[in-house]
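**Student:** Quick one: the structure is below, and I'll ask about it shortly.
The values are calculated or read from the model by the stated rules, or taken from the named source; none is laboratory data. A quick note: this is a predicted structure, and the numbers were derived from the prediction, not measured. Cβ sites come from the backbone with ideal geometry, for glycine too, and all protein chains shown count toward neighbours. We work out accessible area using only protein heavy atoms, side chains counted, and drop any ligands, DNA or RNA first. Shrake-Rupley method; radii C 1.70, N 1.55, O 1.52, S 1.80 Å.
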Amino acid sequence: MPLFSTVAGFSLFGLASRFGQLSIQRKNLFTNPGGHLVAMGVFGYAGYWAHKWEIRSGELLAEKKQEILERRQQALAHADQKASSALEGIH
């Protein structure tokens, strides 16, 4: 459902931009419905790719967070090992 709503939202924005373009030119809004369909298709396609990018960027962020967590755990383990070896040298 989120994909459909994103594509539909972008398509409606494309239709609104087409109406805005024609109103600036002071032309009849309903003379060329093919232009409306092209605008809606182009903006809908942009919405599709925006949705795909949103999913992919979420995956990239999750991977990066996991990498950072692993590095922190390794750093803590290394620091703990270093501290315990320093304590062994004192005794």
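**Student:** Of L61, L22, H78, which is farthest along the charge dipole of the chain in the positive direction, counting Lys and Arg as +1 and Asp and Glu as -1 at C-beta?
**Tutor:** L22
**Student:** Could you give the size of the charge dipole of region 45-91 about its Cα centre, using +1 on the Cβ of each K and R and -1 on the Cβ of each D and E, expressed in debye and rounded to the nearest 20?
**Tutor:** Computed charge dipole of region 45-91: roughly 160 debye.
**Student:** Highest GNM mean-square fluctuation, the chain, Cα pairs closer than 10 Å: which of H78, H51, H36?
**Tutor:** H78
**Student:** Further question on the same structure: What is the dipole size for the chain, taken about its Cα centre, with +1 at each Lys and Arg Cβ and -1 at each Asp and Glu Cβ, in debye to the nearest 20?
**Tutor:** In debye, rounded to 20, the chain gives about 640.
**Student:** Could you check how much of the accessible area of region 2-89 is carbon and sulfur, as a whole percent, using a 1.4 Å probe?
**Tutor:** Of all accessible area on region 2-89, carbon and sulfur atoms account for 65 percent.
**Student:** Scan region 6-91 for trypsin sites (Lys or Arg not before Pro) in coil per DSSP, keeping those whose Cβ has at most 15 other Cβ atoms within 10 Å, and list them by number.
**Tutor:** Qualifying residues, ordered by number: R26, K27.
**Student:** At 1.4 Å probe size, with no ligands or nucleic acids counted, give the accessible surface of F4 in Å², nearest ten.
**Tutor:** 140
**Student:** So, one more: Step through the residues of region 48-58 one at a time and calculate ³J(HN,Hα) from phi using the Karplus curve (6.51 cos²θ - 1.76 cosθ + 1.60, θ = phi - 60°), rounding each to whole Hz and writing x for Gly and Pro.
**Tutor:** Values per residue, Gly and Pro as x: 4, 6, 5, 5, 4, 5, 4, 5, 5, 5, x Hz.
**Student:** Send over the Kirkwood Rh of region 2-89, from the inverse of the averaged 1/r over different Cα pairs, rounded to one decimal Å.
**Tutor:** 17.1
**Student:** Leaving out ligands and nucleic acids, and using a 1.4 Å probe, what accessible area per residue does the chain come to in Å²?
**Tutor:** 82
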